[in-house]
Amino acid sequence: QEPLAPLVAARLAERETTHFFEQAQQAYEVLQARYDGVVVEGVGGLIVPIAERQGRFLTCLDLIEAWQLPVVIVARRTLGTINHTLLTVEAMQKRATIAGLIFCDAEPVSNDDIAAQTSVDIIAETTGLPIWGQVPFLKDLSQSALREAVDKSLQIPK
(Lines give C-alpha, C1' and ligand atoms only; values in the text may rest on other atoms or scores of the structure.)
Protein backbone atom coordinates (compact mmCIF):
# COMPACT_ATOMS: atom_id res chain seq x y z
CA GLN A 1 0.00 0.00 0.00
CA GLU A 2 2.83 2.43 0.79
CA PRO A 3 5.48 3.68 -1.66
CA LEU A 4 8.32 1.77 0.00
CA ALA A 5 11.12 -0.57 -0.92
CA PRO A 6 9.51 -3.93 -1.77
CA LEU A 7 10.86 -5.90 1.19
CA VAL A 8 9.95 -3.13 3.63
CA ALA A 9 6.43 -2.96 2.19
CA ALA A 10 6.07 -6.75 2.39
CA ARG A 11 7.19 -6.81 6.01
CA LEU A 12 4.80 -4.02 6.99
CA ALA A 13 1.96 -5.89 5.27
CA GLU A 14 3.11 -9.11 6.97
CA ARG A 15 3.56 -10.80 3.59
CA GLU A 16 5.95 -13.71 3.19
CA THR A 17 8.61 -13.26 0.49
CA THR A 18 10.30 -16.67 0.57
CA HIS A 19 8.58 -17.83 -2.63
CA PHE A 20 8.50 -14.48 -4.40
CA PHE A 21 11.00 -15.48 -7.09
CA GLU A 22 9.05 -18.60 -8.01
CA GLN A 23 5.80 -16.61 -8.14
CA ALA A 24 7.44 -13.91 -10.24
CA GLN A 25 8.88 -16.56 -12.59
CA GLN A 26 5.43 -18.09 -13.12
CA ALA A 27 3.89 -14.68 -13.86
CA TYR A 28 6.75 -13.85 -16.24
CA GLU A 29 6.28 -17.12 -18.14
CA VAL A 30 2.54 -16.44 -18.52
CA LEU A 31 3.30 -12.99 -19.96
CA GLN A 32 5.99 -14.37 -22.29
CA ALA A 33 3.52 -16.89 -23.67
CA ARG A 34 0.89 -14.20 -24.22
CA TYR A 35 2.96 -11.33 -25.68
CA ASP A 36 5.78 -10.80 -28.19
CA GLY A 37 7.76 -8.78 -25.65
CA VAL A 38 7.68 -8.24 -21.90
CA VAL A 39 9.15 -5.26 -20.05
CA VAL A 40 10.18 -6.03 -16.48
CA GLU A 41 10.51 -2.99 -14.21
CA GLY A 42 13.18 -3.05 -11.53
CA VAL A 43 10.81 -2.15 -8.73
CA GLY A 44 12.62 -0.33 -5.97
CA GLY A 45 15.94 -0.20 -7.79
CA LEU A 46 18.64 -2.58 -8.89
CA ILE A 47 20.00 -3.76 -5.54
CA VAL A 48 17.16 -2.91 -3.18
CA PRO A 49 16.08 -6.09 -1.34
CA ILE A 50 12.83 -7.42 -2.77
CA ALA A 51 12.67 -10.78 -1.02
CA GLU A 52 14.38 -12.83 1.64
CA ARG A 53 15.23 -16.50 1.50
CA GLN A 54 17.32 -18.51 3.95
CA GLY A 55 18.73 -15.38 5.54
CA ARG A 56 19.79 -13.91 2.18
CA PHE A 57 18.32 -10.81 0.62
CA LEU A 58 17.39 -11.15 -3.06
CA THR A 59 17.32 -8.16 -5.40
CA CYS A 60 16.16 -7.15 -8.86
CA LEU A 61 19.70 -7.86 -10.03
CA ASP A 62 19.24 -11.48 -8.95
CA LEU A 63 16.09 -11.68 -11.12
CA ILE A 64 17.83 -9.99 -14.05
CA GLU A 65 20.67 -12.47 -13.83
CA ALA A 66 18.43 -15.52 -13.41
CA TRP A 67 16.18 -14.55 -16.31
CA GLN A 68 19.08 -13.26 -18.46
CA LEU A 69 17.29 -9.97 -19.13
CA PRO A 70 18.94 -7.14 -21.04
CA VAL A 71 18.73 -3.95 -19.00
CA VAL A 72 17.84 -0.38 -19.81
CA ILE A 73 18.96 1.90 -17.00
CA VAL A 74 16.62 4.83 -16.36
CA ALA A 75 18.18 7.75 -14.49
CA ARG A 76 17.28 11.30 -13.54
CA ARG A 77 19.37 14.29 -14.58
CA THR A 78 19.98 15.64 -11.09
CA LEU A 79 22.94 16.22 -8.84
CA GLY A 80 24.19 12.76 -7.83
CA THR A 81 23.07 11.04 -11.04
CA ILE A 82 26.59 10.49 -12.32
CA ASN A 83 27.56 8.64 -9.15
CA HIS A 84 24.32 6.64 -8.92
CA THR A 85 24.39 5.65 -12.56
CA LEU A 86 28.07 4.66 -12.55
CA LEU A 87 27.50 2.56 -9.40
CA THR A 88 24.56 0.86 -11.11
CA VAL A 89 26.64 0.14 -14.21
CA GLU A 90 29.48 -1.20 -12.05
CA ALA A 91 27.12 -3.48 -10.10
CA MET A 92 25.78 -4.94 -13.33
CA GLN A 93 28.92 -5.31 -15.42
CA LYS A 94 29.62 -8.97 -14.67
CA ARG A 95 26.04 -10.06 -14.10
CA ALA A 96 23.89 -8.60 -16.87
CA THR A 97 23.87 -6.99 -20.31
CA ILE A 98 23.17 -3.28 -20.35
CA ALA A 99 21.34 -2.36 -23.55
CA GLY A 100 21.34 1.39 -22.98
CA LEU A 101 20.36 4.34 -20.83
CA ILE A 102 17.32 6.60 -20.74
CA PHE A 103 17.21 9.83 -18.77
CA CYS A 104 13.86 10.85 -17.33
CA ASP A 105 13.18 14.14 -15.55
CA ALA A 106 10.98 13.53 -12.50
CA GLU A 107 10.51 17.26 -12.07
CA PRO A 108 11.02 20.36 -14.21
CA VAL A 109 14.71 20.98 -14.96
CA SER A 110 16.01 24.51 -15.38
CA ASN A 111 18.27 25.42 -18.28
CA ASP A 112 20.58 26.85 -15.59
CA ASP A 113 20.95 23.46 -13.86
CA ILE A 114 24.54 22.62 -14.78
CA ALA A 115 24.33 19.13 -13.25
CA ALA A 116 21.31 18.29 -15.40
CA GLN A 117 22.85 19.79 -18.52
CA THR A 118 26.18 17.92 -18.21
CA SER A 119 25.42 14.56 -16.54
CA VAL A 120 24.20 12.75 -19.67
CA ASP A 121 27.36 13.50 -21.65
CA ILE A 122 29.67 12.56 -18.77
CA ILE A 123 27.84 9.26 -18.21
CA ALA A 124 27.94 8.44 -21.93
CA GLU A 125 31.64 9.27 -22.11
CA THR A 126 32.49 7.34 -18.94
CA THR A 127 30.48 4.19 -19.66
CA GLY A 128 30.52 4.02 -23.45
CA LEU A 129 26.88 2.89 -23.26
CA PRO A 130 24.31 4.05 -25.80
CA ILE A 131 21.96 6.81 -24.67
CA TRP A 132 18.52 5.93 -25.98
CA GLY A 133 17.03 9.30 -25.17
CA GLN A 134 15.72 11.72 -22.63
CA VAL A 135 12.17 12.09 -21.40
CA PRO A 136 11.39 15.59 -20.13
CA PHE A 137 9.21 16.24 -17.10
CA LEU A 138 5.59 15.93 -18.18
CA LYS A 139 2.80 17.50 -16.21
CA ASP A 140 0.28 15.96 -18.60
CA LEU A 141 0.50 12.16 -18.41
CA SER A 142 -2.25 11.45 -20.91
CA GLN A 143 -1.59 8.78 -23.50
CA SER A 144 -1.24 11.35 -26.29
CA ALA A 145 1.25 13.47 -24.30
CA LEU A 146 3.31 10.40 -23.42
CA ARG A 147 3.34 9.20 -27.03
CA GLU A 148 4.45 12.64 -28.24
CA ALA A 149 7.26 12.77 -25.67
CA VAL A 150 8.45 9.30 -26.64
CA ASP A 151 8.40 10.14 -30.34
CA LYS A 152 10.46 13.29 -29.71
CA SER A 153 12.84 11.94 -27.09
CA LEU A 154 13.76 8.31 -27.52
CA GLN A 155 16.12 6.79 -30.05
CA ILE A 156 15.60 3.10 -29.34
CA PRO A 157 17.70 0.88 -31.60
CA LYS A 158 15.84 -1.72 -33.64
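The values are calculated or read from the model by the stated rules, or taken from the named source; none is laboratory data. Worth saying up front: this structure is predicted, and the values here are computed from it rather than measured. Virtual Cβ from ideal backbone geometry, glycine too; neighbours counted across all protein chains shown. The accessibility values were calculated without ligands, DNA or RNA, using every heavy atom of the protein model including side chains. Shrake-Rupley method; radii C 1.70, N 1.55, O 1.52, S 1.80 Å.
Structure notes:
- Rounded tilt (10° steps) of 143-153 against the dominant C-alpha axis of the chain: 60
- Computed from point charges on the beta carbon alone (+1 for Lys and Arg, -1 for Asp and Glu), the dipole magnitude for the range 1-54 about its Cα centre is near 60 Debye.
- Placing +1 on each Lys and Arg Cβ and -1 on each Asp and Glu Cβ, with no other charges, gives the chain a dipole about its Cα centre of roughly 260 debye.
- For the range 107-158, convex hull of alpha carbons as volume per residue, Å³: 86
- Spin-label pair Ala33-Lys94: with each label point 7 Å from Cα along the Cα-Cβ axis, the two points sit 3.7 nm from one another.
- Rolled with a 1.4 Å probe across the full set of protein chains, the surface gives Tyr35 an accessible area near 120 Å².
- Principal-axis tilt of helix 81-92 within the chain, Cα atoms, nearest 10 degrees: 40
- Arg77, Arg56, Arg15, ranked by accessible area, largest first (probe 1.4 Å): Arg15, Arg56, Arg77
- Efficiency of FRET between Val150 and Leu129 - r from beta-carbon atoms, R0 25 angstrom, step 0.05: 0.80
- Fraction of accessible area attributable to carbon and sulfur, the range 44-158 (%, probe 1.4 Å): 54
- The chain: angle of helix 114-127 to the longest principal axis, Cα-based, in degrees nearest 10: 60
- Projecting the Cα atoms of Val38, Leu129, Val72 onto the charge dipole of the range 30-158 (Cβ charges, centred on the Cα centre) puts Val38 farthest toward the positive pole.
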